[in-house]
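Notes follow once the structure below has been shown.
The values are calculated or read from the model by the stated rules, or taken from the named source; none is laboratory data. This is a predicted model, so every value here is computed, not measured. Glycine also receives a Cβ, built like all others from the backbone with ideal geometry; neighbour counts cover every protein chain displayed. Each accessible area value is taken on the protein alone, full model and side chains, heavy atoms only, with ligands, DNA and RNA left out. Shrake-Rupley method; radii C 1.70, N 1.55, O 1.52, S 1.80 Å.
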Amino acid sequence: MYQLVSFSEQKDSVDRQRYEIAALGRAITNAESGQRGYLLTGHTLFLDTMEQGRVDTHTLVARLDRYATDLELILPELHKVKQLIHQKFDVMDRSIQVQMRAGSYASHLTVSKDKGREVMKLINDQLAQMDSKLQRLRSDYAQEIRQRVIESVIGAILLCMLIIGVLLFSYRNTTDLLEQMLETQAVTEQLSHQVDHDLLTGLPNRRSVDEHLETVFQRARHVSKPFAIFFMDLDGFKQVNDEYGHEIGDALLIEVASMFQRVLRQTDFLARQGGDEFVLVVGSYLHRMELVQLAQRLIQLFTRPVIVRTKALNIGVSIGIAEYPRHGKQVKQLLHAADQAMYVSKKNGKNSYSFDGE
């Protein structure tokens, strides 16, 4: 079973590398599109597209470098690709400089254009070779997985026959064995759940936040749609802990988590970041007013005391909001922006919301 899991993980790793290779080709093409747009129109806006393509290209190359340390199969082609990428951007930069000096589209840029096309073809050839190698490797892993599954099925059949034999001799012992197996499975599922969820509130934890944000971020980049991060910190929670103890504080966190969930949509992602901090990811909205209304609904929850074990607890919530791409184009930037906005809400009297830098 361990080998089966290992082969499955290796196959998934190959799939991720193939995705990065395809993304690398798109990033270089995007940069080239920005260059051509500038050469044809002279609008500097296209240079932003080119630079973004350059940044994405270097990021993807760095990821492939990390993968290649574990898988030397694609190292020769990756080394050539990095050299060609350097040539490609060097040609693009020179053509931009010529255009800037010429002041309009220069006819002698045709040579640069042909050179860029030639280098791009070489890059695509190398990327195709890398993908072809990985595809064959993936096929080998898939074949090995199928073989392991067959062996596992045969093993399971033999195990079932053994269990039936044991049942014929000792029903009670077999019942105990089955109960132990079920308990082990339940414990395994519980441990798997605990890895990604907060033990107290049952909400996703910090690790789940990172994974979910990466998924939302990649989708937002591809479809050019915004998403928002709410960083929420409870006001007055420390006083509750100091006055009533941690047992009441824990019960309050459980109740607050439930209150938050009652006003959220199914598409919203709520997690406990730690302590009395919560993170909310809003992945689907059209206008900023929707974020404002959601923040107001969350704050409205605390206009009355929260009843926990017959105790009326007066607390509030300070909210910081950051939007992609307005407040950052990377996940870490957005989390930092939301955190800073939350501290602004604290300074402005608490139980309020703020957008980063506004």
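The residue of the stretch 278-299 that is farthest from residue 335 (Cα to Cα), among those that are in contact (Cβ under 8 Å) with a residue 24 or more places away in the chain and charged (D, E, K, R), is 297. When 226, 204 are screened for being surrounded by 19 or more Cβ atoms within 10 Å (Cβ to Cβ) and not β-branched (Val, Ile, Thr), only 204 passes. Of the residues making up the stretch 300-358, those that are touching a helix residue (DSSP H, G or I) at 6+ places or on another chain (Cβ under 9 Å), open to solvent by less than 80 Å² (accessible area, probe 1.4 Å), more than 27 Å from residue 220 (Cα to Cα) and without any contact (Cβ under 8 Å) to a residue 40 or more places away in the chain number 0. For the stretch 265-291, filtered to residues that are aliphatic (A, V, I, L, M) and open to solvent by 30 Å² or more (accessible area, probe 1.4 Å), the residue that is farthest from residue 309 (Cα to Cα) is 286. Only one of the numbered conditions (1) open to solvent by less than 30 Å² (accessible area, probe 1.4 Å); (2) within 26 Å of the chain's Cα centre (by Cα) is violated by residue 199, and that is (1).
In the stretch 200-210 there is at least one residue that is on the phi > 0 side of the Ramachandran plot and at pLDDT 85 or above. Considering the stretch 35-92, the residues that are part of a helix (DSSP H, G or I), without any contact (Cβ under 8 Å) to a residue 40 or more places away in the chain and among the hydroxyl-bearing types (Ser, Thr, Tyr) include one that is least open to solvent (accessible area, probe 1.4 Å), namely 57. Does the stretch 235-277 hold any residues that are assigned to a strand (DSSP E or B) and either over 26 Å from the mean Cα position of the chain (by Cα) or without any contact (Cβ under 8 Å) to a residue 60 or more places away in the chain (or both), and which are they? Passing the criteria: 235, 277.
Applying the condition of being closer than 19 Å to residue 65 by Cβ and touching a Leu at 6+ places or on another chain (Cβ under 6 Å) to the stretch 118-141 and asking which residue is least open to solvent (accessible area, probe 1.4 Å) yields 123.
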